[in-house]
Amino acid sequence: MITMIDYDAGNMKSVEKALIHLGEDVQVTRRAQDILAAEKVILPGVGNFGSAMEKLNEYGLTDTIRQVCEKGTPFLGICLGLQLLFEESEESPGVKGLGILPGRILRIPKAPDLKIPHMGWNSLHFPREGALFKGIPEGTYVYFVHSYYLQAADEQIVAAEADYGVRIHASVERGNVYACQFHPEKSGDMGLLILKNFAGLSCRESRGGAR
C-alpha cells in the first residue's frame with residue numbers, strides 16, 4: 001500500500017493513476033494515523049510554496065511528515081513536494097519549509113532564450129547512483145513544469161541534475177527520503193520505472209531515517 005498525502009495541492013489524480021497502472025494499492029488521505037502507519041508515503045503537488053505550507057499546517061501534517069521521515073518509512077516528494085522538504089523558497093519569502101533536507105528553492109533566472117516556467121522535456125544527468133534511477137539510462141528525458149528550482153546545501157544528496165540555464169538539482173536521495181522536481185507520472189515509460197523503483201523499496205534498503 002502506498003499512501004498519498006492530500007493537502008489540496010493538486011496533481012493527486014495523475015500520480016494515483018500511474019501507481020494503479022503499476023498494480024499498486026493506493027490510498028489518498030490526510031489522516032495522521034493512516035500516514036504514520038503507511039508502508040510508503042508520497043507527497044505530490046503543484047502550486048505555490050507558501051500556500052502549500054499553510055495547508056500542511058492547517059491540516060496538522062507538518063509534524064506527521066517529519067515523523068514519517070524520521071522513522072524510516074520510504075518517502076517521495078514530487079514537484080512541489082520536493083520543494084516543501086527544504087528550508088525556504090524565494091517564491092514565498094519568510095515562509096519556512098519543512099526543513100527535512102538542507103537547501104533553498106530559487107527562481108529560475110531569466111534568459112533571452114528560455115521560457116519560464118520551465119515546461120517540457122529535459123534530460124537527466126546522474127552524478128551518483130540513486131535507488132530511484134535503477135535501470136534509467138544517462139540522458140533520459142523527463143517532464144518538468146516549474147518556475148523555481150532546488151539548490152541543495154549538500155550536493156552529496158543530489159541523485160539527478162538537469163540544465164535549464166542553470167544547474168537544477170532535479171532529484172535527491174537521503175536515507176529513506178527521495179524527491180523529484182520533475183513529474184515521473186508524466187514522463188512515459190521511464191517515469192513509470194522511477195515510480196516502480198520507489199514502490200519496490202523497503203525500509204532496510206532506504207537505510208533508516210532521514211537524519
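Things worth noting here:
- Rounded percent of accessible protein surface that carbon and sulfur make up, the chain, 1.4 Å probe: 48 percent
- Whole-number percent relative contact order across the chain, with pairs defined as alpha carbons under 8 Å at least 6 apart: 20 percent
- Accessible surface of Ile116 - all protein chains present, 1.4 Å probe, nearest 10 Å²: 50 Å²
- The residues Met53, Met119, sorted by heavy-atom accessible surface at 1.4 Å with ligands and nucleic acids left out, run Met119, Met53 from largest to smallest.
- Taking the Cα centre of the range 1-49 as origin and assigning +1 to Lys and Arg Cβ atoms and -1 to Asp and Glu Cβ atoms, the resulting dipole is close to 100 debye.
- Annotation: per residue accessible area for the range 16-58 equals 51 Å², rounded to a whole number [probe 1.4 Å, protein chains only].
- In a reduced charge model with +1 at each Lys and Arg Cβ and -1 at each Asp and Glu Cβ, the chain shows a dipole moment near 80 debye about its Cα centre.
- Legend: calculated FRET efficiency, Asp63 to His21, from the Cβ-Cβ distance at R0 = 25 Å, rounded to 0.05, equals 0.15.
- Cα-centre dipole for the range 10-92 with unit charges at Cβ (Lys and Arg positive, Asp and Glu negative), debye to 20: 300 debye
- Under-5 Å amide H pairs with Gly77, H placed in peptide plane, nonlocal only: Leu43, Tyr178, Ala179, Cys180
- The range 109-183 - accessible surface per residue (Å², probe 1.4 Å): 45 Å²
- The candidate values were [x] 60, 53, 36; [y] 64, 39, 29; [z] 49, 40, 30; the one computed from these coordinates for Cα extents along the principal axes in Å carries the label [z].
The values are calculated or read from the model by the stated rules, or taken from the named source; none is laboratory data. Owing to the predicted nature of the structure, the values given are computational and were not obtained by experimental measurement. Cβ sites come from the backbone with ideal geometry, for glycine too, and all protein chains shown count toward neighbours. These accessible areas exclude ligands, DNA and RNA; they are computed on the full protein's heavy atoms, side chains included. Shrake-Rupley method; radii C 1.70, N 1.55, O 1.52, S 1.80 Å.
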